[in-house]
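J.: Quick one: this structure, given as structure tokens, is what I'll be asking you about.
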Amino acid sequence: MVYAMVDTSGPDSLPAPAFGPDSEEMLRCTRCELRYVPSKSTSSLRLTYCSFLCELGDLGFSIAGLEHMEPKPKAIEAPAVELDEPASEPAVVD
Ligand SMILES: [Zn+2]
């Protein structure tokens, strides 16, 4: 019996990240942690968020939206109506 020593260790060729040679420096979004190009970000804080949605989601508001933001009156809460269910007391038979 001959056991062939098969060497399966090939050259470690990890796939290189496909970044173009002139690719812009990519940042990582603070919120969704996606890599993005700052110049293509729709966020006002394009060095922090990949898009205004992340900015909005993280801050709770958008910087751009602040310029047009008006204080909204607090919604009036409807008074909670508690329905008293008819208590079915056991009839006391004396
Ligand atoms: Zn993001």
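What follows draws every value from the coordinates through simple rules; no lab data is involved. No experiment lies behind these values; they were computed from the predicted model shown. Using ideal geometry, Cβ is built from the backbone for each residue, glycine included, and neighbour counts are taken over all protein chains shown.
J.: Return the distance in nm (one decimal) between the two label points of a simple spin-label model at Asp94 and Cys32, each offset 7 Å from Cα along Cα→Cβ.
T.: Placing both labels 7 Å beyond Cα along the Cβ direction yields 7.4 nm.
J.: Collect residues whose amide H, placed 1.01 Å from N in the peptide plane, falls under 5 Å from the amide H of Ser44; neighbours closer than 5 in sequence don't count.
T.: Those qualifying (amide H under 5 Å, at least 5 residues apart or on another chain) are Ile63, Ala64.
J.: Ranked highest first by average number of other Cβ atoms within 10 Å, how do 50-59, 27-36, 77-86 line up? Can you show the working numbers first?
T.: Details: 50-59: 18.7, 27-36: 14.6, 77-86: 5.6.
Highest mean packing first, the order is 50-59, 27-36, 77-86.
J.: Shifting gears a bit: For every other residue with a beta carbon closer than 9 angstrom to the beta carbon of Tyr36, add +1 if it is Lys or Arg and -1 if Asp or Glu, then tell me the sum. Can you show the working numbers first?
T.: Working: positive: Arg28, Arg35, Lys40, Arg46; negative: none.
Summing Lys and Arg as +1 and Asp and Glu as -1 gives +4.
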